[in-house]
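Notes follow the structure.
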Amino acid sequence: MHPETLAIHGAHGPDAATGAVAPAIHLSTTFERSADGSLPHGYLYARDANPNRVALERVLAVLEGGAAAAAFSSGQAATAAVFQALGPGDHVVLPASVYYGTKKLADQVFARWGLTTTSVDMRDAENVAAALRPETRLVWVETPSNPLLAVADIARIAALAHAGGARCAVDNTWATPVGQQPIALGADLVMHSTTKYLGGHGDVMGGALVARTDDELFQRVRTIQTAGGAIAAPFDCWLVVRGIKTLPHRVRAHSANAMAVARFLEVHPNVEAVHYPGLASHLGHAIAKRQMTAFGGMVSVQVRGGREASLRTKARVRLFTRATSLGGPESLIEHRASVEAPGSGTPDNLLRLSIGLEHPDDLITDLDQALRD
Ligand SMILES: Cc1ncc(COP(=O)(O)O)c(C=O)c1O
C-alpha cells in the first residue's frame, strides 16, 4: 500500500469493543490479570506497553519499512537509547554537520560512559571509510542535516559501515518517511524526533526508533526504553498517531512551499547563500534527487552583510514567528548560531527557516520586506 493509506490505517482500525473510528486514549497504568495469572490482552503495566504506544510504534514501523519500533518521550531520549545500547570503548562516527543536541549528547554525556566519537564531513561518503576503526560499532547519519542541509549518501554509507562491521543509523527527522526511506537504502536503524513533522502541529514532544530487524541490538534498545522509562505518554502517542494521518499531504505541501521560498531567496540580492537540497545549485542535489521523494520543508539562508544583517532580517519578519523547532503549520525563523553551543560551526549570518503551510506568496512577501536594505 501507499504511504497515504498506511499513514491512516497503519496504527489501528475501529475499536473492537465500541466501534469508535477514532482511537481512545488509554490512561490506565495497569492492566487486569485473569484468575490464572495470565494477561488476556497482553498488557501488564504502562511503562512496558500501552495501547496508544503500540499503535504509534506499529504505524512508524510500517511507514519506515522496519520490523519494529520504539517510541520515546523526546527525540533526544531516542538518540540516547541508541548510544546506551552501545558499550564503553565502542566508537561512533558522527556527521560534522549534525543536530547540535546529538553532538552534545555524545560529548557531554556519552564520553563519560566511554563512548568515543569521530566527526567527519559525510557529504563525501569516503570520509566515513577513513574514520572506521576496529571498534567502530555505529555510523550515525543525519541527512539533510540540521541546520546546513548537508546531504549524505545513505546507501553508500550504510554499505561502508557494514563492510567495517558497524551498524548504520539515520536521523530521518527532517526528511520524514514520506521523503526518504533509510531502511530501503540499507540503514539498520531510523531515528525520529516525532516532535517535528510526525506530530506536525507543534504541540507534542516525542521520539522514536525504527529497526530493520528485531535483533539483539533492538532488544537492548527496547530494554532501555522500558527499564529506563523515557517512554512516550498515551496522550502524546495519540497526538502523533493523529498527526501521522495527514503526514504525506503535509510533507508535499511543506516541500512545495520550501521550494518556492528557496527559489526566491536564491536570486535575492541580499542573500549570500541558500541551502535547500531541492535546488539544482545545492552540492548534494544529485544524491538528494536519488534518495529523496520530497526535499522537505527546511531551508537555511545566509544573509549578505553578516551577523548584524541576519539579526535585522529576523527582527523584521511579520508572518514568520521567531521561534526554535520545526515541522508545524506555522513558519518559523531562527538565528541558529545564537542557540547552538559556541564553536558549533554554524555561520553567524545563517537563518534557519521552517517553512509552514501558509501560502508561499505570503511567506515570500514577508521575507522580501524583511530582507530589504
Ligand atoms: C534533526 C533532529 N534530530 C533530533 C532532534 C531532537 O529532538 P527532540 O527535540 O524531540 O528531543 C531535533 C530537534 O530539533 C532535530 O532537529
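The values are calculated or read from the model by the stated rules, or taken from the named source; none is laboratory data. What you see is a predicted model; the values in this text were computed from it and never measured. As a convention, Cβ positions derive from the backbone with ideal geometry for all residues, glycine included, and neighbour counts pool all protein chains shown.
Selection of region 141-152 for residues being hydrophobic (A, V, I, L, M, F, W, C), touching a helix residue (DSSP H, G or I) at 6+ places or on another chain (Cβ under 7 Å) and within 12 Å of the ligand (Cβ to nearest atom) yields only Val141. None of Ala230, Ala175 is within 16 Å of the ligand (Cβ to nearest atom), surrounded by fewer than 24 Cβ atoms within 10 Å (Cβ to Cβ), hydrophobic (A, V, I, L, M, F, W, C) and on the phi < 0 side of the Ramachandran plot except Ala230. Output the number of residues of region 70-102 satisfying the condition of being of a type outside the set (A, V, I, L, M, F, W, C), more than 9 Å from the ligand (Cβ to nearest atom) and free of Cβ contacts under 8 Å to residues at least 60 places away in the same chain. Residues that pass the stated criteria total 6.
Screening region 295-312 for residues that are under 27 Å from the mean Cα position of the chain (by Cα) and away from the ligand (no atom under 16 Å from the Cβ) and picking the one that is farthest from Gly206 (Cα to Cα) gives Val303. Within region 272-318, being in a loop (DSSP other than H, G, I, E, B) and within 21 Å of Ser338 (Cβ to Cβ) holds for Arg304, Gly305, Val317, Arg318.
Among the residues of region 178-205, those identified as within 11 Å of the ligand (Cβ to nearest atom) and either closer than 14 Å to Leu56 by Cα or not in a loop (DSSP other than H, G, I, E, B) (or both) are Met191, His192, Ser193, Thr194, Thr195, Leu198, Gly199, Val204, Met205. Scanning region 329-345 for residues that are out of contact with any strand residue (DSSP E or B) (no Cβ under 7 Å at 6 or more places or on another chain) and either within 13 Å of the ligand (Cβ to nearest atom) or more than 15 Å from Met298 (Cβ to Cβ) (or both) returns Ser338, Val339, Glu340, Ala341, Pro342, Gly343, Ser344, Gly345. Only one of the listed residues (Ala129, Ala208, Ala155) is within 16 Å of the ligand (Cβ to nearest atom), farther than 22 Å from Ser255 by Cα and touching a Leu at 6+ places or on another chain (Cβ under 6 Å). That residue is Ala208.
Taking residues in region 107-136 that are among the charged types (D, E, K, R), and partners anywhere that are outside any loop (DSSP other than H, G, I, E, B) and modelled with pLDDT of 95 or more, the pairs with Cβ atoms closer than 6 Å and at least 6 places apart or on different chains are Asp121/Asn127; Arg133/His91; Glu135/His91. Answer with yes or no whether Gln84 is closer than 19 Å to Leu239 by Cβ and out of contact with any Pro (no Cβ under 8 Å at 6 or more places or on another chain). Against the criterion (closer than 19 Å to Leu239 by Cβ and out of contact with any Pro (no Cβ under 8 Å at 6 or more places or on another chain)), Gln84 does not qualify. Only one of Ala163, Ala169 is closer than 21 Å to Ala294 by Cα and either out of contact with any Pro (no Cβ under 6 Å at 6 or more places or on another chain) or away from the ligand (no atom under 16 Å from the Cβ) (or both); which? Result of the check over Ala163, Ala169: Ala169. I'm told Ala184 meets every condition in (1) crowded, with 24+ Cβ neighbours inside 10 Å; (2) touching a Gly at 6+ places or on another chain (Cβ under 6 Å) except one. Can you identify the failing condition by its number? Every condition holds for Ala184 apart from (1). Thr346 meets all of the listed conditions (1) over 20 Å from Asp121 (Cα atoms); (2) part of a loop (DSSP other than H, G, I, E, B); (3) touching a helix residue (DSSP H, G or I) at 6+ places or on another chain (Cβ under 6 Å) but one, namely (1).
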